[in-house]
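To start, the structure itself, in structure tokens.
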Amino acid sequence: MSKQMPEKTSSTVLVVDHDPKALAHARQVLADAGFVVAGAEDGAQALERFEQLVPDIVLLSVDLPKSNAFELCSRLSHITSEANPPALVLTGLEDEASINRAFEVGATDFVVKPVNWPIISHRIRHILRARKAFHDIRAAEEKVRHLAYFDGLTGLPNRELFKEHLAQAITIARRQGWRVAALFMDLDEFKRINDILGHSAGDQLLVTVGKRLLQSIRESDRVTHGAISSDGHQAARFGGDEFTVVLAIAHEADDVAKVAQRIKNALALPVLLGEQEVFVTASIGIALYPDDGETVDTLLKNADAAMYEAKRAGKNRYRFYTQSMNAHALRRLTMESKLHKALENDEFWLSYQPQIDAKSGEIVGMEALLRWDNPELGTVSPFEFISIVENNGLIVEIGEWVLKTACAQAQAWQNAGFPRLRLGVNLSPRQLQKNRLVSMVKETLRSTGFSAQYLELELTENLLMRHLDETIEMLDMLCDMGITLSVDDFGTGYSSLNYLKRFPLTTLKIDRSFVNGIPGDADDMAITKAIIAMAHSLKLRVIAEGVEDEQQLAYLCEQGCDEFQGFFFYKPLSAQEFTHVLERQKLILGSRQRKK
């Protein structure tokens, strides 16, 4: 019969025995069995070999002459930070006390001398296989736990683990008489960065925010009772661009404000995403235990309400929860519910704001603006409800209604003999994502009889930068129909000459935030001047929004602005009011013609 080949293995065995012959025999038998074998004759050598090799298993003779084998076994088990390798104690002692002591200092098993080394090699292999299986199971369990409780992108605890931490903090605080702060943080305009620079850049930004958040919390230890959980996590990624923090307050609630400000300062630093440097801010809501709630869900709900209040107040700030915020949250929830039936119940209507030609002073265009009157809520500001219908997708259906209603009304004015005015209608990002936009516009023009040459679709900068190739293709199709395109709120997004060249645009609308600064703000005046000059160099028409006084008008005229829109001329008008304005203008123009 042929000799059976030893099973190959990369496992390393360290044998510690003061008897050179016994050691040599053990090394020979174990090497023949396929193990990598190292030997040591005393405790000092054993420690040295162990630190060098970190063996998979140790065989340790108890009767070492110069060292205590039990003490050595204990020291070996504490050298590595990894899981301790198993240790088999080789002993000629059969008393129960020695065996018990071996287990107490970390031994895995014992072998009574004289040792049958061929048999022991099989035993070693069995121990190592069992150990590997055990660690594989533990690793799989840990992986499942990590996936269940930690965010895969940032490495921070996720929503579920954070809620456990917050519950733990509340329990401790209730027992110790402390207070707990729950911070709910949402990044401002994150969606814009994600849409323009791509999801990869957005993910990179979230990772950076997570690191800065953790650093801010670590720097705040002096104002908190320290880590809430055993692994020290106090921050979490709650989902999307939402992050949360739990703090056990050592002294006053003002300490939480210091932490919130430190987070704001950390986020204020620029972030380099590829070759693009961006700045990110956050709105932070704060709720306190027991003042603002005594349960996890109540604290998080109230912190969320405070965060929305920070958004409403202008973003990039923090707000402590107050009971009045519940009223805002309830109103928002009520609005969302009623908006689902607002179109069906005929609660929407359109106002039209005239656009004035700089040279003639006549109305040459109008912008259609959505309005909502609800029987219970009354007249609701667009600033309140537009974001809701954008988020829940209702804007697609409502947007179709706006376009059809506005085109039908504009055609009715033309049929009544009024001048053929340009009609501006806003498009939402949701509408542009739908493949049916072009066909919907075609059908609207066909059904209303309104000519494409008088329709101007208004898009925001951020909307233009989404899915560039698809967007350009869609806009080219609209232009081929004879429709003109304008950029609304120019200057507030990622203003770029590149997209002004690539897109088939005809008009820029200067955002009212720049016009409002005229004439007091030199920067706003310089920006406005530059926008007008740049637009004209690209042969684009310029409309200034939000013109409210003569000084603003004079400066805009001086810079060569083409058209104006604002309260200085007309507020947004109902269809009936707009009809009266058109009638007056028709009379004035007729009078002028007769005088000529």
(request) Take the residues in region 33-48 that are within 20 Å of Val62 (Cα to Cα) and touching an Asp or Glu at 6+ places or on another chain (Cβ under 9 Å), then tell me which one is modelled with the lowest pLDDT. (result) Gly43
(request) Select, from Ala248, Ala327, Ala266, Ala282, the only residue that is touching a Phe, Trp or Tyr at 6+ places or on another chain (Cβ under 7 Å) and either small (Gly, Ala, Ser) or not assigned by TED's automatic domain parsing to the domain that holds Arg175 (or both). (result) Ala248
(message) Quick check on this structure: which one of Val402, Val380, Val389 is among the aliphatic types (A, V, I, L, M), more than 31 Å from the chain's Cα centre (by Cα) and in the same structural domain as Leu423 (by TED's automatic domain parsing)?
(response) Val402
(message) I'm checking my understanding of the structure. Among residues of region 391-408 that are surrounded by fewer than 16 Cβ atoms within 10 Å (Cβ to Cβ) and more than 14 Å from Thr444 (Cβ to Cβ), which one is modelled with the lowest pLDDT?
(response) Asn391
(request) Being farther than 30 Å from His165 by Cα, modelled with pLDDT of 90 or more and not acidic (Asp, Glu) is the filter here, so list the residues in region 295-347 that pass it. (result) Thr334, Met335, Ser337, Lys338, Leu339, His340, Lys341, Ala342, Leu343, Asn345
(request) Scan Lys311, Lys341, Lys315 and give me the residue that is part of a loop (DSSP other than H, G, I, E, B) and among the basic types (Lys, Arg). (result) Lys315
(request) Just give me the residues in region 263-309 being free of Cβ contacts under 8 Å to residues at least 60 places away in the same chain, touching a strand residue (DSSP E or B) at 6+ places or on another chain (Cβ under 9 Å) and among the charged types (D, E, K, R), in sequence order. (result) Lys264, Glu277, Asp292, Lys301, Glu309
(message) Among the residues of region 261-278, what is the count of those that are loosely packed, with under 13 Cβ neighbours inside 10 Å and in contact with a Leu (Cβ under 9 Å, 6 or more places away or on another chain)?
(response) 2
(request) Please give the number of the condition Gly361 fails out of (1) on the phi > 0 side of the Ramachandran plot; (2) surrounded by 18 or more Cβ atoms within 10 Å (Cβ to Cβ). (result) (2)
(message) Looking only at region 277-315, count every residue that is within 21 Å of the chain's Cα centre (by Cα) and charged (D, E, K, R) and tell me the total.
(response) 7
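Being part of a strand (DSSP E or B), among the hydrophobic types (A, V, I, L, M, F, W, C) and farther than 30 Å from Gly177 by Cβ is the filter here, so list the residues in region 258-288 that pass it.
Correct list: Val271, Leu272, Leu273, Val278, Ala282.
So, Leu30, is that one part of a helix (DSSP H, G or I) and modelled with pLDDT of 80 or more or not?
In short, yes.
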(message) Restricting to region 33-44, name every residue that is surrounded by fewer than 17 Cβ atoms within 10 Å (Cβ to Cβ) and either assigned to a helix (DSSP H, G or I) or touching a Gly at 6+ places or on another chain (Cβ under 6 Å) (or both).
(response) Ala44
(message) List the strands (runs of 3 or more DSSP E) inside region 477-579, counting only whole elements, that have at least 1 residues being among the β-branched types (Val, Ile, Thr) and within 36 Å of the chain's Cα centre (by Cα).
(response) 484-490, 507-510, 541-545
(request) List every residue pair whose Cβ atoms lie under 7 Å apart, where the two residues are 6 or more positions apart in sequence or sit on different chains, the first residue falls within region 550-572 and is assigned by TED's automatic domain parsing to the domain that holds Val364 and closer than 22 Å to Tyr352 by Cβ, and the second residue, located anywhere, is among the acidic types (Asp, Glu) and in a loop (DSSP other than H, G, I, E, B). (result) Gly566/Glu548; Phe567/Glu548; Phe568/Glu548; Phe568/Asp549
(request) For residues that are more than 16 Å from Leu300 (Cβ to Cβ) and of a type outside the set (Lys, Arg), scanning just region 172-189, find the one that is modelled with the highest pLDDT. (result) Leu187
(request) Using the structure shown, decide if Asp291 is surrounded by fewer than 19 Cβ atoms within 10 Å (Cβ to Cβ) and assigned to a helix (DSSP H, G or I). (result) no
(message) Which count do you get for residues in region 349-395 that are touching a Ser or Thr at 6+ places or on another chain (Cβ under 8 Å) and closer than 22 Å to Glu189 by Cβ?
(response) 2
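The values are calculated or read from the model by the stated rules, or taken from the named source; none is laboratory data. Keep in mind that what you see is a predicted model, and the values were worked out from it rather than measured. Quick reminder, even Gly has a Cβ in these numbers, built from the backbone with ideal geometry, and neighbours come from all protein chains shown.
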